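> Provided herewith is a single structure, encoded as structure tokens, for subsequent inquiry.
We did not get these values from a lab; they are worked out from the coordinates using the rules stated. These figures come from a predicted structure and were not determined experimentally. Here the Cβ positions follow ideal geometry from the backbone for every residue, glycine too, while neighbour counts run over all protein chains shown.
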Amino acid sequence: MSSTLSFFSLVTGLYVLHFSLALILVNKEVPQTRGMLYPRESETREVRSLDGIWNFVRSDQANPTQGVRDEWYTKDLSQSRPTIPMPVPASYNDITTDNLRDHVGTVWYDRKFFVPRSWSKNQRIWLRFGSVHYEAFVWINGQKVVKHEIGHLPFEAEVTDILNYGAENRITVMCDNALIQTTVPQGKITEVPNDNGMTIIQSYTFDFFNYAGIHRSVHLYTTPRTFIEEVEVTTALSENNSVGEVFYSVSVNGSAANEAINVLNIQANLYDKEGAKVANTTSDGKLDGCLKLTGVKPWWPYLMHPEPGYLYELEIKLLAANEELLDVYRLKVGLRTLSWNKSQFLINGKPVYFRGFGRHEDSDIRGKGLDNALMVRDFNLLKWIGANAYRTSHYPYSEESMQFADQHGIMIIDECPSVDTENYSQELLGKHKSSLEQLIHRDRNHPSVVMWSIANEPRTASMNADSYFELVANFTRSLDKTRPITAAIAVPYTQDKSGRHLDIISFNRYNAWYSNTGRLDMVTQNVIDEATAWNKQYNKPVIMSEYGADTLEGLHMTPAYVWSEEFQEEVFARHFKAFDQLRKKGWFIGEFVWNFADFKTAQSYTRVGGNKKGVFTRSRQPKAAAHLLRKRYFALGRDLDQCQFPEDLFTYIADLIS
Ligand code: GCB
């Protein structure tokens, strides 16, 4: 096999359907992520963005590997095929006016970029992608550089020896959106007849559009020859939260190649928000250590404290034995503790009640592409409505949004891309574990991440679910013992085989929508009964991780009728009643509306332009239920955490005293 073809372990185009029925799953090692610190400038590092307009070619659906066989990556794409302009970052699906939207298989991107002459001097250059969905193959100047599978997660490669310095370079990316039974998430590819002969169809059971392309930023960054490759941070607080400890552990890359460096030291400095140094330490030939500080300002969630999301800056300096400064990397750190037991989840020793959302990275035109305007608008809305949490349903969200959540005190249940998992196989297990390994490696230092969600609505009634989820949960725990594990379960509690492997039970249920449609009188007691049954079965804290109703903004009907704004409000209110009764039981710890905003799905007769369960429209304007939810979330905030009501929470009606 040629070296180019061996680059393609998953031979694109042969979308083989393989799964086993009954199996014995074994715990095999998965590849460990290295490096991948978020690209940040410092006195020893430069960062350059490759975002912008790239050239784009769609492969022939019936011939997805043609570009590889014909080596399109060895010259400009425009010399092989007519190209069209394509923005990066963005999903490619909704950009053109032809049916690129439903394309299945490979597409190609390329662009040129300059590398300054100054970069050739005694440093290393890295190419980093924030996310390409689903599988990416990358070449620079015709040489293969990196291949990565599983969207929504970053990957990088060293390109020091491949670049032309002081000259132009070309980057080529092939991206494959095909989902099969052993990808995460799963899908099916079938060949069916159409009016022109045969065509390929991608189907999937999950309820969001399979947007694809270069979804997040592409960066080139420099590091010194010997550099800080990884930083892992954990924190501890004394019982009254006044004394804090920041434990850091650093990995260094490149010291083996540099014989002059036989002893390395880490100088760690911690600065408060005003930039004052509050702690420092220099390690003695070690790469880990602890910073201790008094008078700590802990990281608190929004509305749980007057100063939420307090972040310190941790400065890590890598020094040679002669004190020569080799590298500097800075990151934000929040000091907080998490703990949980059979009935509670606590932050800094205080019980938490989650009032949040399931969300999507989704918007008009750019699909799942990173969009700072949208991200800031969404956080403004989250704060306006009084939410303190969201789940990254149903895949890891952008690193930029994780940093934003840290700053704003929004708690995150961080979900891996396993959604509607079924047909369990050894290969699927390996990729599922790898997605968690990559996620935890990426997000472990974020104070906002308070829980890992290892799946959404897996088919946990099936025979193999027990051992499969035991392996997935134990693997997750082996990577991070500081956060609890959950999964959003939808099978009835009587059939579930996953809950015993979790720390916190989350369940999704659509009373008055998918069950007993329109029956508002069949919500409250059903929610109470089901939550109670989950708690009784597993003796663990319980969250309702999804509830809601599709709602067409502007459709009004009284008495409330499905799809109307009145109906969504009523469905919410009936749930609120149940939640308040459940809260009194002591083990019910959170409510998450489905969904924050309307979002696009695959075409279906149950979806009018997508899923309309948003509290906000797709263009991020409130439906009537948003105002109701806002009143509840602030009422809970005042009741539980003594937060202030915003002045405009209640509209003036009458002076009832006079
Ligand atoms: C669910 C899924 C979510 C769907 C939602 C719905 O249970 O977790 O992905 O969008 O239901 O609206 O059907």
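> Cα atoms only: what Rg and Dmax, in Å, come out for the range 276-389?
19.4, 55
> Which whole-angstrom value gives the distance between the alpha carbon centres of the range 199-239 and the range 316-330?
Comparing the Cα centres of the range 199-239 and the range 316-330, I get a distance of 27 Å.
> Here's another thing I want to ask about it. Apply the Karplus curve 6.51 cos²θ - 1.76 cosθ + 1.60, θ = phi - 60°, to the phi angles in the range 444-455 and return the couplings in whole Hz, x for Gly and Pro.
Ordered by residue, 3J(HN,Hα) equals 4, 8, 8, x, 5, 7, 10, 7, 9, 9, 8, 5 Hz.
> Taking H as built 1.01 Å from N, whose amide H comes closer than 5 Å to the amide H of D288, not counting residues under 5 places away?
Under 5 Å from the amide H of D288: V250.
> Which of the trypsin sites (Lys or Arg not before Pro) across the range 28-99 are loop residues per DSSP, with 11 or fewer other Cβ within 10 Å?
Of the trypsin sites (Lys or Arg not before Pro), the ones in loops of the range 28-99 whose Cβ has at most 11 other Cβ atoms within 10 Å are K28, R34.
> Something else now. Three principal axis extents, largest first, for the C-alpha atoms of the range 600-658, in Å?
55, 28, 18
> What number do you get for the chain when its Cα radius of gyration is normalised by 2.2 N^0.38 Å, N = residues? Intermediate values should be presented prior to the final figure.
Working: Rg = 25.4 Å, N = 658, 2.2 N^0.38 = 25.9 Å.
Normalised Rg, Cα atoms only: 0.98.
> Hey, what does the equivalent ellipsoid look like for the range 63-116, semi-axes from the Cα gyration tensor as sqrt of 5 times each eigenvalue, largest first, whole Å?
20, 17, 9
> Next question. Could you work out the Rg to Rh ratio of the range 431-568, with Rh taken as the Kirkwood radius (inverse of the mean 1/r over all Cα pairs)?
Taking Rh as the inverse mean 1/r over Cα pairs, Rg/Rh reads 1.06.
> Moving on to the next point. Taking the Cβ of R391 as the center, what net charge do the other residues with Cβ under 13 Å away carry, scoring Lys and Arg +1 and Asp and Glu -1?
Net of charged neighbours comes to -4.
> Sticking with this one: Given H placed on each backbone N at 1.01 Å, which residues far from T199 in sequence or on other chains put an amide H within less than 5 Å of it?
Amide H to amide H, under 5 Å and 5 or more residues apart or across chains, T199 pairs with V192, N194.
> Could you work out how far the C-alpha centroid of the range 54-94 sits from that of the range 430-444, in angstrom?
29
> Tell me which residues come under 5 Å, amide H to amide H, from V419 once H is placed; ignore anything under 5 positions away on its chain.
Those qualifying (amide H under 5 Å, at least 5 residues apart or on another chain) are Q186, N456.
> Taking the Cα centre of each part, how many Å lie between the range 496-553 and the range 125-163?
About 41 Å separates the Cα centre of the range 496-553 from the one of the range 125-163.
> Quick one, could you list the DSSP H helices from the chain stretching 15 Å or more along their long axis (Cα atoms) with average Kyte-Doolittle hydropathy of -0.5 or above?
Helices passing the filter in the chain: 372-385, 465-479, 624-641.
> Also, quick follow-up: Quick check on my link table: of K368/K600; K28/K188; K342/K577; K317/K481; K536/K584; K497/K577, which ones sit more than 22 Å apart, alpha carbon to alpha carbon?
K28/K188; K342/K577; K317/K481; K497/K577
> Quick check on the range 35-97: what are the equivalent-ellipsoid semi-axes from the Cα gyration tensor, as sqrt(5λ), descending, whole Å?
So the equivalent ellipsoid measures 30, 16, 12 Å along its semi-axes.
> In percent, what relative contact order does the chain have, based on Cα pairs under 8 Å that are 6 or more apart in sequence?
12
> Considering all projection directions equally, how large on average is the shadow of the alpha-carbon convex hull of the range 196-301, in square nanometres?
On the way: hull surface 57.7 nm².
Average projection, Cα convex hull of the range 196-301: 14.4 nm².
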